[in-house]
1. Of all the accessible heavy-atom surface of region A:253-401, with the other protein chains kept in place and a 1.4 Å probe, what percent is carbon and sulfur?
2. Tell me, what is the FRET efficiency for A:Asp329 and A:Asn60 to the nearest 0.05, using R0 = 56 angstrom and their Cβ-Cβ distance as r?
3. Taking every DSSP beta bridge with both residues inside region A:17-158, roughly what % is antiparallel (nearest 5)?
4. Sort A:Phe369, B:Phe399, A:Phe98, B:Phe306 by accessible area with a 1.4 Å probe, largest first.
5. Can you give the local net charge around A:Arg112? Use residues other than it whose beta-carbon is closer than 11 angstrom to its beta-carbon, Lys and Arg +1, Asp and Glu -1.
6. With the cut-off at 18 Å, tell me which of the pairs A:Lys249/A:Lys370; A:Lys189/A:Lys235; B:Lys298/B:Lys360; B:Lys20/B:Lys231; A:Lys7/A:Lys235; B:Lys45/B:Lys231 have Cα atoms farther apart than that.
7. What's the buried accessible area, both sides, between A and B using a 1.4 Å probe, rounded to 100 Å²?
8. Count the DSSP beta bridges whose two residues both fall in the protein assembly as shown, then state the antiparallel fraction as a percent rounded to the nearest 5.
There are 2 protein chains.
Amino acid sequence: MAIIVQKYGGTSVGSIDKMKEIAKRVIDQRDKGNDVVVVVSAMGKSTDRLVEMAKEISQNPCKRELDMLLSTGEQVSISLLSMIFKEQGYDSISLTGFQAGIKTEGLHTKNRVAEINIDIIEKHLTEGKIVVVAGFQGMNENGDITTLGRGGSDTTAVALAAKLNCTCEIYTDVEGIYGVDPRVYPNAKKLDYISYEEMMELSSLGAGVMETRAVEIGFKYDIPIYVALNKGNIKGTYIKEYDENMEQKVITGLTSTDDVLMITINNVLYNSKNIATIFDRLSQSNVNVDMISQTAPKDGYVNVSFTTSRDDIGIVHNVINELKKEMEDIEIHVESNITKISVVGIGMMNQSGVAAKVFKIFADNDIEFKQVTTSEISISYTIDSRDKGKAITIIAKEFDL
Amino acid sequence: MAIIVQKYGGTSVGSIDKMKEIAKRVIDQRDKGNDVVVVVSAMGKSTDRLVEMAKEISQNPCKRELDMLLSTGEQVSISLLSMIFKEQGYDSISLTGFQAGIKTEGLHTKNRVAEINIDIIEKHLTEGKIVVVAGFQGMNENGDITTLGRGGSDTTAVALAAKLNCTCEIYTDVEGIYGVDPRVYPNAKKLDYISYEEMMELSSLGAGVMETRAVEIGFKYDIPIYVALNKGNIKGTYIKEYDENMEQKVITGLTSTDDVLMITINNVLYNSKNIATIFDRLSQSNVNVDMISQTAPKDGYVNVSFTTSRDDIGIVHNVINELKKEMEDIEIHVESNITKISVVGIGMMNQSGVAAKVFKIFADNDIEFKQVTTSEISISYTIDSRDKGKAITIIAKEFDL
């Protein structure tokens, strides 16, 4: 008899009928003698509808009140799901984030889990109940209802599993974690296992399956996270500590980000103050700069390139127009059809030459890359968006993703 | 500078536009230097929609979970209304029932307010905020979210006003309290004042404007309740302590209830056990018996009549079929087109003959009444539903309602 935390996202609880289907899966575990804590998101598109109402009032509604509003979404799902269990003869109780003891801190709409008092959940489990917890939400030290931001229900589930010291199962509408997004590369292979580090890198680079913070908590407390489809019995993917029995791959995953804006500033008079000024101005305007590259100084001048999201194009233009007034020599080029491709693999740490191998693939296939950055277990390239499909296909084939 | 509690019901907050209208009324008070606590219900028909979802799961859904579900309705309205105040430059905070310190006790879906800790509300008022409180809800001593049942938002408003020792204004979609329902008697006059006692009697007899419990709290703590239309500046009605300056009327109000079922059991062998058995069986089957009348015993037999709601017709038939097996002599008559008419007036206590005056009105107009019951300040009659319109019109005219 073990405790299991299962998380079901918005599409899994999109209607009463869908809730009844997932209730069966939970009851299966209960019938096997396991204690189940179910974490659920808001029903289908209900969060979007709530946001729309707030937008009718203000383009930038008070975030404390937005949290108050959005948290009702999960409260609806937990109560309905708990009713379903009771109707089927299984004792159950629903708990909002704060009732489940989830204390948070930080800014409204993007709080972090600060602490969980697990007593209430344990009491109800001891009494034989299926405990249904609202994902995505908690309460801060002022007693305000808070939300955890994007992917917050995953965070709730993994944090609860960490505190209960049990496995965490994330049920979703994909069959598990893939080396490459199957929508981009249809032959993509599902992984049986992926290490926390690789998953965090993939998540932070834009793979949408799991939010980085949730994986980080799993990593920190060594809680295996099982990601699988919300129906049938198709084997999913375990996110767990790297061990040598896991398949040895140089590259585990590849992720791509479209809508990248690449700005190149040529002829910057080479001194540290100038470069600092550029990025300081961008930062003050809340432009999120991703990759930065700089050429070696030549004749006292350097060229600097950086990428950001295409959403920021307006602000970026304002900033560089201001810069032009101060740095008369500079020339500015903006490219807006850029895709960033990143390859991730814990195996890279032991095997050199991955970057070179990708360079060779690009050269053999006439793909021009614009920038390269590397971290311990990942390498990112920016390329022209027209080359994206080709680049992903050949890298995926070469590295057996 | 005073504190005012204003309550707005579901139709007043049915859309963002309607919320903006009531926000103006609140802001008017704020601009005059008053501190305002706004109590709101769920938006329009949102509670009905939540109930429908629960009914998809069960005809009798778990009431604890139903409270969890329904309480989201007010949480949506308070957050949106508070956003509106902030957007218009007025500091504001929304509070759910439990955040506002409302502790309740009793059965789920029909809790009572047990205690209010007013500290949080007072703190926010001191900080100059418009405090928006979710009506209809609170938290019990187990930490479960609870609701107060029908008319619960009125109860929240009056209870808060009692605790803050201030006036309570209930804004609704009628212009105030009428002696007779204007939908039934178009010439009905709006009252300037009505005593707590008369209002409680009218409410408990079925007048839908205010819930009895809310008026009881006003009575207990002597908090004047002002009931008025949610737009314009039409003068409404004060519910307050009876005083001699209030207009002297024998009858203040008249209320009618349709869909009454009248059951007459003739030839009941006269002993206390038999009568007790009849009403005990009805009570065990959860039939809510209203008026009871019994003839004087004759030849060792009595006739008993009672009324109940037509909704209970199925259960009542089952009960009387069982009774027939035990009491062979009895004859049973069921009449289903019965209306109950009640006249209420604190003036009755000092003026005798009101019942007689009504009897005379009925006789003069060929209206046959079937049963009569009296309380200190009310008299109720059951009549054939066909006579309802005529009876209301002539009583209303005669007593200037």
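The values are calculated or read from the model by the stated rules, or taken from the named source; none is laboratory data. Model, not experiment: these values are computed from the prediction. Please note: Cβ atoms are built from the backbone with ideal geometry, for glycine as well, and neighbour counts cover all protein chains shown. Accessible surface is based on the protein model in full, side chains and every heavy atom, while ligands, DNA and RNA are left aside. Shrake-Rupley method; radii C 1.70, N 1.55, O 1.52, S 1.80 Å.
1. Numbers: 3370 of 7580 Å².
Carbon and sulfur: 44 percent of the exposed surface of region A:253-401.
2. Values: r = 39 Å, r/R0 = 0.69.
My answer for the efficiency is 0.90.
3. Numbers: 9 of 18 bridges.
For region A:17-158, the DSSP antiparallel bridge percentage is about 50.
4. Numbers: A:Phe369 75, B:Phe399 20, A:Phe98 45, B:Phe306 0 Å².
Of A:Phe369, B:Phe399, A:Phe98, B:Phe306, the descending order of accessible area is A:Phe369, A:Phe98, B:Phe399, B:Phe306.
5. Working: positive: A:Lys103, A:Lys110, A:Arg213; negative: A:Glu105, A:Glu115, A:Glu216.
For residues surrounding A:Arg112, the net value is 0.
6. Details: A:Lys249/A:Lys370 26 Å; A:Lys189/A:Lys235 13 Å; B:Lys298/B:Lys360 28 Å; B:Lys20/B:Lys231 12 Å; A:Lys7/A:Lys235 16 Å; B:Lys45/B:Lys231 20 Å.
Those over the limit are A:Lys249/A:Lys370; B:Lys298/B:Lys360; B:Lys45/B:Lys231.
7. Details: alone 19450 and 19460 Å², together 35900 Å².
It comes to approximately 3000 Å² buried between A and B.
8. On the way: 98 of 154 bridges.
Taking every DSSP beta bridge within the protein assembly as shown, about 65 percent pair in antiparallel fashion.
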